[in-house]
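A.B. asks: Submitted below is the structure of interest, expressed as structure tokens.
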Amino acid sequence: MLNYILRRVLQSVLVLLVVGLVAFAMFRFVGDPVETMLGQERTVGDIERLREQLGLNKPFFIQYWEFLVRAVQGDLGISYRQGRPVAEIIAERLPATLELAFVSGLFALGLGIILGIFTAIRRDGFAANAIMTLSLIGVSLPTFLIGILLIYVFSVELSLLPSFGRGDVVDLGWWTTGFLTPSGLVALILPAITLGLYQMTLIMRLVRSEMLEVLRQDYIRFARARGLSQKAVNFRHALKNTLVPVITVTGLQLGSIIAFAIITETVFQWPGVGLLFINAIQFVDIPVMAAYLMLISVMFVGINLAVDLLYVAIDPRLRN
Amino acid sequence: MTMRLATFGAALLATTALTVSAASAETLRWARASEALTLDPHSQNEGPTTTLMHQIYEPLIVRNMEGGLEPGLATSWEPSSSDPNVWVFQIREGVTFHEGQAFDAEDVVFSLNRALSEASDFKELLTGVTEVRAAGDFTVEVVTDGPNPLLPNNLTNIMMLDAGWAAENNTEEVQDYAAGEDTYAARNANGTGPFVLQSRTADVETVMTQNPDYWGIGEFPMDITEIIFTPIQNPATRVAALLTGEVDFIQDVPVQDLERVDGADGIGLATAPQNRVIFFGMNVGDEDLTLDNVEGANPFADVRVRRAMDIAINREAIQQVVMRGQSAPAGVISPPPVNGWTPELDEYPAYDVEAARALMEEAGYGDGFSVQLDCPNDRYINDEAICQAVVGMLAQIGIDVNLSALPRAQHFPLISNFETDFYMLGWGVPTYDAEYIFNFLYHTQTENRGSWNGTRYSNPEMDEMIASLTSNTDLDARNGTIAALFEMAEEEVIYLPVHNQVLNWGISDAWSTVVDADDQVKFKYFELN
């Protein structure tokens, strides 16, 4: 068991190192940060000097090594774009993304399960068919389009909800939250729907198909034969068995909600790490890009590691 | 993708109608696409950063929104009567910084020296300055290595800091990114300007309030008591925020949304030509091009080919179709407010495909050739679309152009590294003098000059004339040299001018302002209607 865990942890570290190497190899294709850092009046001499100072003339694997050496000491460098420590910027921006991911995850899970059950039980009903058809839109429309559509309807047309930003936030010292102010809560609605819509339809379809599968099983038939109420059969017996795969998928999807908040954050000017990353790419802010990519890969690797370890805990066959 | 997104947003918005909530009388909520990068006024010489700095800090001499020079923290300036290499500035008395420190000549000496330091992004504007010294509490002398008639023009974005404040907070040096430093001045601001910084969260919100002790109260409208600045990157969202009344002023209305904004109740459009000209550069200097299909020769080296391309570009079609009327076709790579610009120079050649084909034939390229055009796709208004239009126009004279459109961070290194043979560039002239154009775009590339000359063009005679502009104090003779330079440039067709951009500001009807050609908003001039 210990051996297994150790092996998985080592594999995870290896994945992280490779992700970092690939990232650093790619940065040269994003552009030259020196061009964006120096003003229009820069001379050829200035360009050379700054390139030299930033170590951009070195091969990428040496730049990567220097980044790693500093990163393990807790120093992620200074953002080229903002001139502040990267760790501080990310810590400042992470709450916005995590709160958005939390709310949209809740929305996706809650509505997804309810609608999934509904469409499974009323398989041939008009409403269920309508929901299934509409869910196709949720799966196939790109996120930015949904975002702009929502802004158009609820902000411009109906003047109900704000079109951008996070509203007023409360600073708790180490965390800023929009949950404690009315404008912060209202500002969460549109971005959360935009970000969660895809996951919501995914969960809904998953719950529906699992539910249909389970409803065909013998023990459901027996339950019905025993004269249990429809409610008890559907919710106590069927739903419980449906949720096992749903929880697995949801856990993995949570990672992608955080990682793919980029587009939603751009459309709504949501001040999270996704927007930070987009700006970093445009500016070729290498320290921020590197830190963000490492953060996201740590998160994904961490979630996968946790899932793997959970399997071991659940399935005795893996322990030998 | 961004472009398509914006177009879609525009289409959506064009079908809507809404009522705009009345803007609060004194607070102005301001949005634009880009955020200021730092609060250190000498660290980043870049439009949005400079704009924010102008509200909090002040330079010695200010360019007002009409483009004229106005006294800022200097009340008057003139060359020294005894030494032609010295400029004498009389400093405004009785001015205090936001934190209460008095402003005097020592602060000017400190600030100019700080702007001259190696990590400063403004040092090139002060090239030739050898010494800055105080000659009394309110007199400053700036010594240059030769007569420098245009020094005042170069000071309009160089802000004044308090020497004592900088020393106290250990922020005398400009932030050095390479050293991984984090400085006090990059996060805090203490200027003499019309607005005091209250709070700032980068990429989210910056709040400023009116400086009650500002020296210019009574002199300028100063109708705004509070400014809330929010960057909104997505063009559709930015326009939506203006339409819903969540912001009062946006600095960059996308061309496809102009009608929508103009037609909305309670919002107006303020439009003016921008100090930025868009043009194409060609590699005229190399023996052979790398990205073409002509072996052993460089078609761009032949002036007839360049002339043919010049008349094959239909500038009016670009204006009408690509820019929806929002541009002024140009015949010279100088925006109109620049000293040296004349209407004659700006006359662009008539579009004439037949004559262009004849010129190509004459140059021996009757069958045409192929070449790659490098174009930015996120820097200028409709940049990629302009390039696409030009690809079609050049195809008519047999030039098969392969378009490569890249984000700015990848496009501009191609120019500075000599990796492109044919490229698009835009140029604004903050000094309002043509020397700035020749210095950067025509002079042979050397350590200190010609850094944006991606054409490899090198003409020793021209270089000498350009160098003479720096120290020629006889303004008539100097203007003569500029005219001669423009004539040479025109003759050689080193660049193909396309147009001057037009600025479009969207603003609530509660406020009125003129549009600054440099896109440098100065809120002290805003008036409440």
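The values are calculated or read from the model by the stated rules, or taken from the named source; none is laboratory data. Keep in mind that what you see is a predicted model, and the values were worked out from it rather than measured. Here the Cβ is made from the backbone with ideal geometry for all residues, glycine too, and neighbour counts use every protein chain on show. Surface areas here come from the heavy atoms of the whole protein model, side chains and all, with no ligands, DNA or RNA. Shrake-Rupley method; radii C 1.70, N 1.55, O 1.52, S 1.80 Å.
A.B. asks: Grab the helices (runs of 4 or more DSSP H) fully contained in segment B:395-499, keeping just those with 1 or more residues being surrounded by 22 or more Cβ atoms within 10 Å (Cβ to Cβ) and within 10 Å of another protein chain (Cβ to nearest Cβ). Before you say what the answer is, go through the steps one by one.
C.D. replies: Numbers: elements: B:408-416, B:435-441, B:460-471, B:475-492.
Correct list: B:408-416, B:435-441.
A.B. asks: Further, regarding this structure: I need the strands (runs of 3 or more DSSP E) fully contained in segment B:90-201, keeping only those with at least 2 residues that are within 13 Å of chain A (Cβ to nearest Cβ). Walk me through how you get there before you give the answer.
C.D. replies: On the way: elements: B:129-134, B:139-144, B:195-201.
Correct list: B:195-201.
A.B. asks: Something else: With the condition kept exactly as written, say whether any residue in segment B:25-44 is part of a loop (DSSP other than H, G, I, E, B), more than 14 Å from chain A (Cβ to nearest Cβ), farther than 30 Å from residue B:147 by Cβ and open to solvent by 10 Å² or more (accessible area, probe 1.4 Å). Spell out how you get there, then give the answer.
C.D. replies: Step one: filter segment B:25-44 for residues part of a loop (DSSP other than H, G, I, E, B), giving B:25-26, B:33-44.
In the following step, the residues that additionally are more than 14 Å from chain A (Cβ to nearest Cβ) were identified as B:25-26.
Narrowing further to those that are farther than 30 Å from residue B:147 by Cβ: B:25-26.
Imposing the further condition that a residue be open to solvent by 10 Å² or more (accessible area, probe 1.4 Å) reduces the set to B:25-26.
Yes, segment B:25-44 contains a residue that is part of a loop (DSSP other than H, G, I, E, B), more than 14 Å from chain A (Cβ to nearest Cβ), farther than 30 Å from residue B:147 by Cβ and open to solvent by 10 Å² or more (accessible area, probe 1.4 Å).
A.B. asks: For segment B:207-229, enumerate the residues that are in a strand (DSSP E or B), within 30 Å of residue B:255 (Cβ to Cβ) and modelled with pLDDT under 95.
C.D. replies: none
A.B. asks: Return the residues of segment A:77-108 that are aliphatic (A, V, I, L, M), at pLDDT 90 or above and open to solvent by 10 Å² or more (accessible area, probe 1.4 Å); say none if nothing qualifies.
C.D. replies: Of the residues in segment A:77-108, the ones aliphatic (A, V, I, L, M) are A:78, A:86-87, A:89-91, A:94, A:96, A:98, A:100-101, A:103, A:106, A:108.
Right, trim to at pLDDT 90 or above and you get A:86-87, A:89-91, A:94, A:96, A:98, A:100-101, A:103, A:106, A:108.
Correct list: A:87, A:90, A:91, A:94, A:98, A:103, A:106.
A.B. asks: Here is a further query. Taking segment A:210-251, which residues are outside any loop (DSSP other than H, G, I, E, B), polar (S, T, N, Q) and either touching a Gly at 6+ places or on another chain (Cβ under 7 Å) or open to solvent by 60 Å² or more (accessible area, probe 1.4 Å) (or both)? Give the steps one after another, and end with the answer.
C.D. replies: Residues of segment A:210-251 that are outside any loop (DSSP other than H, G, I, E, B), as a first pass: A:210-215, A:218-225, A:230-251.
Restricting the remaining residues to those that are polar (S, T, N, Q) gives A:230, A:234, A:241-242, A:248, A:250.
Of everything in segment A:210-251, those that are outside any loop (DSSP other than H, G, I, E, B), polar (S, T, N, Q) and either touching a Gly at 6+ places or on another chain (Cβ under 7 Å) or open to solvent by 60 Å² or more (accessible area, probe 1.4 Å) (or both) turn out to be A:230, A:241.
A.B. asks: For segment A:109-138, what are the residues that are open to solvent by less than 10 Å² (accessible area, probe 1.4 Å) and not in a helix (DSSP H, G or I)?
C.D. replies: Hits for segment A:109-138: nothing passes.
A.B. asks: On to the next question. Here are the criteria: (1) crowded, with 21+ Cβ neighbours inside 10 Å; (2) assigned to a helix (DSSP H, G or I). Tell me which single one residue A:68 does not satisfy.
C.D. replies: (1)
A.B. asks: Could you list, in sequence order, all residues of segment B:402-422 that are touching a helix residue (DSSP H, G or I) at 6+ places or on another chain (Cβ under 8 Å) and under 25 Å from residue B:458 (Cβ atoms)?
C.D. replies: B:412, B:413, B:416, B:419, B:420, B:421, B:422
One line per residue, one yes/no per condition, for (1) in contact with a helix residue (DSSP H, G or I) (Cβ under 9 Å, 6 or more places away or on another chain); (2) of a type in the set (S, T, N, Q); (3) modelled with pLDDT of 95 or more:
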{"site": "B:75", "(1), (2), (3)": "no, yes, yes"}
{"site": "B:103", "(1), (2), (3)": "no, no, yes"}
{"site": "B:109", "(1), (2), (3)": "yes, no, yes"}
{"site": "B:144", "(1), (2), (3)": "yes, yes, no"}
{"site": "B:147", "(1), (2), (3)": "yes, no, no"}
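A.B. asks: Return the residues of segment B:189-203 that are within 25 Å of the chain's Cα centre (by Cα), aliphatic (A, V, I, L, M) and either open to solvent by 50 Å² or more (accessible area, probe 1.4 Å) or at pLDDT 95 or above (or both); say none if nothing qualifies.
C.D. replies: Passing the criteria: B:189, B:197.
A.B. asks: Sticking with this structure for a sec: Can you name the number of the only condition in (1) at pLDDT 90 or above; (2) farther than 30 Å from residue A:89 by Cβ; (3) surrounded by fewer than 14 Cβ atoms within 10 Å (Cβ to Cβ) that residue A:205 fails?
C.D. replies: With respect to (1) at pLDDT 90 or above; (2) farther than 30 Å from residue A:89 by Cβ; (3) surrounded by fewer than 14 Cβ atoms within 10 Å (Cβ to Cβ), residue A:205 is out only on (3).
A.B. asks: Which number in (1) away from every other protein chain (no Cβ under 11 Å); (2) open to solvent by less than 30 Å² (accessible area, probe 1.4 Å); (3) not in a helix (DSSP H, G or I) marks the one condition that residue A:58 misses?
C.D. replies: Every condition holds for residue A:58 apart from (2).
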